[in-house]
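Chemist: Here's a structure for you.
The values are calculated or read from the model by the stated rules, or taken from the named source; none is laboratory data. Here the structure is a predicted model, which means the values were calculated and not measured. All Cβ positions, even for glycine, are placed from backbone atoms using ideal geometry, and neighbour counts span all protein chains on display.
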Amino acid sequence: MGAFHSNPAEQTYRDLAEKTGFSVEQIWILHNRFKQLSHDEEMLRRDDFKAIPDLACNPIRSQIIEAFFDQRNFQTNSDGTAHEIGFEEFLTVMSYFRPPSLNMTQEEKEDLRRAKLRFLFNMHDTDNDGTITLEEYRHVVEELLSRSGAIGQETAKGITDAAMLEVASTSVGHMGPDDVYEGITFEHFLKILKGIEIESRMHIRFLNMDTTVLCK
Amino acid sequence: MTSRAMTLAGLFLLLLTPGTGGSQVPGTDGAGDHGGPHGLDGHGANATNKAFPVLSFDYKHVQMPFEISLWVLLASLMKLGFHLIPRLSSIVPESCLLIVVGLLVGGLIRVVGEDPPILGSQLFFLCLLPPIILDAGYFLPIRPFTENVGTILMFAVVGTLWNAFFVGGLLYGVCQLEGTHLGRVDLMACLLFGSIISAVDPVAVLAVFEEIHINELLHILVFGESLLNDAVTVVLYHLFEEFAAAGGVTIKDVFLGIVCFLVVALGGILVGAIYGVLAAFTSRFTSHTRVIEPLFVFLYSYMAYLSAEVFHLSGIMALIACGAVMRPYVEANISHKSHTTIKYFLKMWSSVSETLIFIFLGVSTVAGQHHWNWTFVICTVILCLVARVLGVVGLTFMINKFRIVKLTTKDQFIIAYGGLRGAIAFSLGYLLDKVHFPMRDMFLTAIITVIFFTVFVQGMTIRPLVDLLAVKKKQETKRSINEEIHTQFLDHLLTGIEDICGHYGHHHWKDKLNRFNKKYVKKCLIAGERSKEPQLIAFYHKMEMKQAIELVESGGGVKIPSAMPSTVSMQNIQPKKPTERALPQLSKSREEEIRKILRTNLQKTRQRLRSYNRHTLVADPYEDGWNDMFLKRRRVMELGKKISELNNYLTVPAPAPDSPTMARARLASDPQAWSIKPKSDSIPTIQVDLASPQSPDSVNMVDEFNKPSKPTEAEEEEGLMMKAPSSSADQKERKRDKEDGVEQQRLARCLSDPGPSAEDDEDEPFLP
């Protein structure tokens, strides 16, 4: 793409704004960041993400990075993982973290909530079979506790089992001794996270993004 | 129940009459006549003239504690009484009832001729208020508080300032009007009055809001505001008091006032935090003296309050800061019983305090000297209401620009309506110096009227209004482990996204604070291993303990302590392990043979086969006991041969050549066994002995054998037992049994493919 002030770029921004819901200025700021991360290239790779120093101490770093390359999150009805992403995909993934706007109807809020929970679900369901199995859930908990050494790993199993049991109890209710609960489906996932108001909690304040702090 | 109150009040009055009356309750110097008990003064000559007093009456020297105890008893009995009348407590909030009781008691005292005690400021601020605030601060829900702290501060600081100036200013305007005879009230006095009356009272808010179970956001907004506006109130009060005394105000004074506000607020918080850290540090070493752990919590908090009061800092903020800072560390250090003790003591004290405060309010109304001025009082009430509504609406308009979850009109209404005034306003008014403020009585009357109005009218109507407006109520569900996992996950996710954006938002800082906390602070303040425990694990352990306690309390596991009884258990969620069999496949014919044996020989067995799969077989104990299971040696030997023919599917390696008795094999650690029935000779008969519920963990056979076998257990039981032949204990046993002539065989937990014992592999190749 050429310089920012040329008309084709602005038109692209406006298209993106319509598609993702960001304002043009927010897109401009994010594009700056994108270029900074990708060292002025057009595509972003996993290594670029790994080079962000602040991200190094995040226990679920790898899962976050994977989420950016997960084609299920690109709203293009495809799956699999991409090798590198462009700005449009970057923006699409970022749009999952927009706050709800003031004049949303109840239905729109519900859709937003489902979209955000779908993003979370995709982060857990790594093999894309539509359910979060015990193994996948255990992996999630282990990652969360990965900074806690040995204690974490042992208790992770117990915690995962308790959590899975809870999901099974609340979602399915009565199961015979031979039935096996295969995994958490998306509907069950929605149900257990009903208590957390996802639409208002899963957001970043894009309003006051200060580009001068983008030194890393 | 009021009859009970009457008798108590009557008793109280009876005892009051001999004592001193007409003063503040703690103010009386209850020093009685300590000159020796009961007449034996050492005036020997005089004493011998009178008869020795068998029974004497000396009230004076216990008067003060006696009166205090009686008041507290009265308050508690009142509380008891209200809850015995079911309909009453659901319509009228407790605070109203208590004020009415106070009025009655005060009236009674008046009727008798005594002067009822007034709620002294000393008593109120030093004894009655701290427990309530500590209770609120210790159990403050930190997460909603910090998420809304901006909004709360806006309401507390800006809202209170607005209220004070609006009410004070307009009242001054009213006073200046002709015809009201209020010309004496100058601007400073009016502003002072405005600042006293404008503060939302935490006690009243707590008392009313706790009964209506409103949703967490609104509760924390109104309650947080009532707590944090103490700093503003303190500063304004002292400021205007000084100004009214001094007479004039300059710009410098205003500027100093602002600085003073910052000092008071931040200083209070700092003092509280210091004491909180001290308390946390002390609790690290209390593992050997668990009994006094709660005492440290209370003492440090009270000291924080008093220390802040020494410097005229905000005592309430100090107390809140102390409680909030020390709680996570103290709870990690103290025992579970101490935790319960702290909780119950705090609840108890705060409850009693609250009750006493309201009763005293009622009594003081009767006792005080009032100066009723229609204009002043009516204007005050109206202006307070108007100021509150305008303030809330205006502030919400500004705040909503910065909030993600906007405050709706309903929310604003509840916030405005929940601005109750209470005893703090009264005490502050009572503290006014009569010399500087001759209109103090008028102020007090107006304050009491506003308090009554807000508590009675607003307090009583808020509950039906909440139902009418369908305001969201508090969710009763407990926090589940899934929510906890995902809350943490979300925190990390959002922090990560912020880092990717390069935007240092509040998730980033919160994460930094958490890491700092974990790395340095927790190591200092938490004892032992728990300092490294991550929050998720702590939550999990807490939950497990709660469930265990519930289980015990519900009578030993009969009732499943969950909302929806479900039969889902561990085995349902374990994934099927299809291919992990370390054991060889049985051929079909062998399997059939085994099944036939089992079927034909398991007599009178209640087969409670919950699930049959190849790995485990569960059955019930054989009723006739295992006393019948003696086998002759011959049969045992044959059995041994047969078993080895079966290729040891059911047991155990063949007996070593040198041991004539049966091979003993321990197959599993639980003492479930089959015993061999002495019936047929050709087929090894197996009788079921004990049953144990199927454990979801599959038994790892190799490990089983590597575990030291438990000979003691085996020896106790008389059933048949089979152990690895080469273990020395068994050798001894075998010899012993050989001598007894009793051979017993027991197959503990028949596993269709048991592995050999580790020591035995030199014998037969177990696996074909």
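Chemist: What about residue A:6, is it out of contact with any Leu (no Cβ under 9 Å at 6 or more places or on another chain), modelled with pLDDT of 80 or more, surrounded by fewer than 17 Cβ atoms within 10 Å (Cβ to Cβ) and of a type in the set (S, T, N, Q)?
Modeler: So residue A:6 fails the test.
Chemist: Ok, one more. Provide a single number: the residues in segment B:472-510 that are within 16 Å of residue A:205 (Cα to Cα) and not polar (S, T, N, Q).
Modeler: Qualifying residue count for the region: 20.
Chemist: Kindly indicate the residue of segment B:533-545 that is touching a residue at least 12 places away in the same chain (Cβ under 8 Å) and in a helix (DSSP H, G or I) and also farthest from the other protein chains (Cβ to nearest Cβ) among those meeting that condition.
Modeler: Looking at the filtered set, the residue picked out is B:545.
Chemist: If I go through segment A:18-49 residue by residue, how many of them are in contact (Cβ under 8 Å) with a residue 24 or more places away in the chain and buried (at least 18 other Cβ atoms within 10 Å of the Cβ)?
Modeler: Count: 10.
Conditions tested, residue by residue: (1) surrounded by fewer than 22 Cβ atoms within 10 Å (Cβ to Cβ); (2) in contact with a strand residue (DSSP E or B) (Cβ under 6 Å, 6 or more places away or on another chain); (3) under 17 Å from residue B:364 (Cβ atoms).
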{"residue": "B:57", "(1), (2), (3)": "yes, no, no"}
{"residue": "B:60", "(1), (2), (3)": "yes, no, no"}
{"residue": "B:84", "(1), (2), (3)": "yes, no, no"}
{"residue": "B:96", "(1), (2), (3)": "yes, no, yes"}
{"residue": "B:106", "(1), (2), (3)": "no, no, yes"}
{"residue": "B:129", "(1), (2), (3)": "no, no, yes"}
{"residue": "B:142", "(1), (2), (3)": "yes, no, no"}
{"residue": "B:146", "(1), (2), (3)": "yes, no, no"}
{"residue": "B:151", "(1), (2), (3)": "no, no, no"}
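Chemist: While we're here: It is to be established whether one or more residues within segment B:62-72 are in a loop (DSSP other than H, G, I, E, B) and modelled with pLDDT of 85 or more.
Modeler: no
Chemist: State the number of residues belonging to segment B:161-184 that are surrounded by fewer than 24 Cβ atoms within 10 Å (Cβ to Cβ) and either modelled with pLDDT of 90 or more or assigned to a helix (DSSP H, G or I) (or both).
Modeler: The qualifying residues number 11.
Chemist: Is it the case that residue B:218 is surrounded by 17 or more Cβ atoms within 10 Å (Cβ to Cβ) and closer than 16 Å to residue B:425 by Cβ?
Modeler: Against the criterion (surrounded by 17 or more Cβ atoms within 10 Å (Cβ to Cβ) and closer than 16 Å to residue B:425 by Cβ), residue B:218 does not qualify.
Chemist: Filter segment A:68-81 for residues that are in a helix (DSSP H, G or I) and under 13 Å from residue A:127 (Cα atoms); which is nearest to the other protein chains (Cβ to nearest Cβ)?
Modeler: A:72
Chemist: Would you mind telling me which numbered condition in (1) under 12 Å from the mean Cα position of the chain (by Cα); (2) within 14 Å of another protein chain (Cβ to nearest Cβ); (3) of a type outside the set (S, T, N, Q); (4) under 19 Å from residue A:71 (Cβ atoms) residue A:98 fails?
Modeler: Status for residue A:98: all satisfied but (4).
Chemist: Has segment B:297-305 got at least one residue that is surrounded by fewer than 18 Cβ atoms within 10 Å (Cβ to Cβ), among the β-branched types (Val, Ile, Thr) and assigned to a helix (DSSP H, G or I)?
Modeler: The answer is no; no qualifying residue exists.
Chemist: Can you name every residue in segment B:236-256 that is at pLDDT 85 or above, closer than 21 Å to residue B:155 by Cβ and not aromatic (Phe, Trp, Tyr)?
Modeler: Once the filter is applied, which keeps residues that are at pLDDT 85 or above, closer than 21 Å to residue B:155 by Cβ and not aromatic (Phe, Trp, Tyr), segment B:236-256 yields only B:236.
Chemist: State the number of residues belonging to segment A:135-147 that are buried (at least 20 other Cβ atoms within 10 Å of the Cβ) and assigned to a helix (DSSP H, G or I).
Modeler: Total meeting the criteria: 4.
Chemist: Any residue in segment B:500-519 that is out of contact with any Cys (no Cβ under 8 Å at 6 or more places or on another chain), within 7 Å of another protein chain (Cβ to nearest Cβ), in contact (Cβ under 8 Å) with a residue 12 or more places away in the chain and of a type in the set (Ser, Thr, Tyr)?
Modeler: The answer is no, given that none of the residues of segment B:500-519 is out of contact with any Cys (no Cβ under 8 Å at 6 or more places or on another chain), within 7 Å of another protein chain (Cβ to nearest Cβ), in contact (Cβ under 8 Å) with a residue 12 or more places away in the chain and of a type in the set (Ser, Thr, Tyr).
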